[in-house]
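Okay, so here's the structure we're looking at.
The values are calculated or read from the model by the stated rules, or taken from the named source; none is laboratory data. Just so it is clear, the structure is predicted and the values come from calculations on it, not from any experiment. No Cβ is skipped: glycine too gets one built from the backbone with ideal geometry, and neighbour counts run over all protein chains shown. With ligands, DNA and RNA removed, areas are computed over all heavy atoms of the protein, side chains included. Shrake-Rupley method; radii C 1.70, N 1.55, O 1.52, S 1.80 Å.
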Amino acid sequence: MKLTKHQMTRRVVFLEETDDLQKAHISMKALKVRHVPVMRKGKVVGMLSDRDVLSWGRWKGKEFVVPKKKISAILSGRLITCQPQNSIAQVADLMLKYDVHALPVIDGEKKLVGIITSTDLLRTLRDSGWSRDLPLPVRFQEPVRLLTLAN
């Protein structure tokens, strides 16, 4: 059984809740990360995602502008975490249940030891070789125009 500790990223970048969103956006872009744990006094208190940044930023002409707002002001009260000994299936269940794409991995002392993302889960699936023996579907369903569904 694949465990979180085998698939997680161990070298984690993080933000402090007192950091501002504008600097977080610049750093996330530079490092090409989409999810960052947010810390307070050495404990994880939230996750900041690129979606969060996009929801607070605005386009001004050709420039995307993010306000100088403290990260603590935009964090939701909900924090979903997992532990190194959780199975990959348990992590996938949590991500699906709470509609998140990354979980901070914490140990028994609630110390941040890693992060696991939906990309890590896809990599696990790919590397397991599960799909190599499955036949391709014979019939595809026709796509439905999105605006048709709204009527």
task = Give me the accessible area per residue for the chain, probe 1.4 Å, as a whole number in Å².
result = 73
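Step by step: find N for the chain, compute 2.2 N^0.38 Å, then divide the Cα radius of gyration by it. What's the final number?
1.25
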ask   = To the nearest 10 square angstrom, what accessible area does T119 show with a 1.4 Å probe?
value = 60
request  = Tell me the trypsin sites (Lys or Arg not before Pro) within region 8-99 that lie in a loop according to DSSP and have at most 10 other beta-carbon atoms within 10 Å.
outcome  = R10, R11, K32, K41, K62, K68, R78
ask   = Is any residue of region 7-23 close enough, with backbone N under 19 Å, to a label point placed 7 angstrom from the Cα of S128 along the Cα-Cβ axis, and if so, which?
value = 7-9
inquiry  = Quick check on my link table: of K32/K60; K41/K62; K60/K97; K23/K97; K43/K69; K29/K62, which ones sit more than 28 Å apart, alpha carbon to alpha carbon?
reply    = K41/K62; K60/K97; K23/K97
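How big is the dipole moment of region 1-45 about its Cα centre under a simple scheme where the beta carbon of each Lys and Arg is +1, that of each Asp and Glu is -1, and everything else is neutral? Debye, nearest 20, please.
340
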remark   = Length-normalised contact order of region 67-135, Cα under 8 Å, at least 6 apart, in percent, tallies to 23
note = Quotient of Cα radius of gyration and Kirkwood radius for region 23-87, i.e. Rg/Rh, equals 1.02
key: Portion, in percent, of the accessible area of the chain that falls on carbon or sulfur, probe 1.4 Å   = 55
note = Restricting to Cα pairs under 8 Å and 6 or more apart, the percent relative contact order of the chain works out to 27
ask   = Considering the dipole of the chain built from charges on the beta carbon (Lys and Arg +1, Asp and Glu -1) around the Cα centre, which of T124, C82, I26 is farthest to its positive end?
value = I26
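So if I place +1 on the C-beta of Lys and Arg and -1 on the C-beta of Asp and Glu, and nothing else carries charge, what would the dipole magnitude of the chain be about its Cα centre? I want it in debye, nearest 20. Each step should come with its number before you reach the end.
Details: 27 positive and 15 negative charges, 79 e Å.
For this selection, approximately 380 debye.
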task = Let me have the 222 nm mean residue ellipticity of the chain computed from DSSP H runs of 4+ only, each contributing -39500 (n - 2.57), with the sum over all residues rounded to the nearest 500.
result = -9000 deg cm²/dmol
inquiry  = At R0 = 25 Å, how high is the FRET efficiency between K60 and T9 if r is their beta carbon distance? Nearest 0.05 is fine.
reply    = 0.15
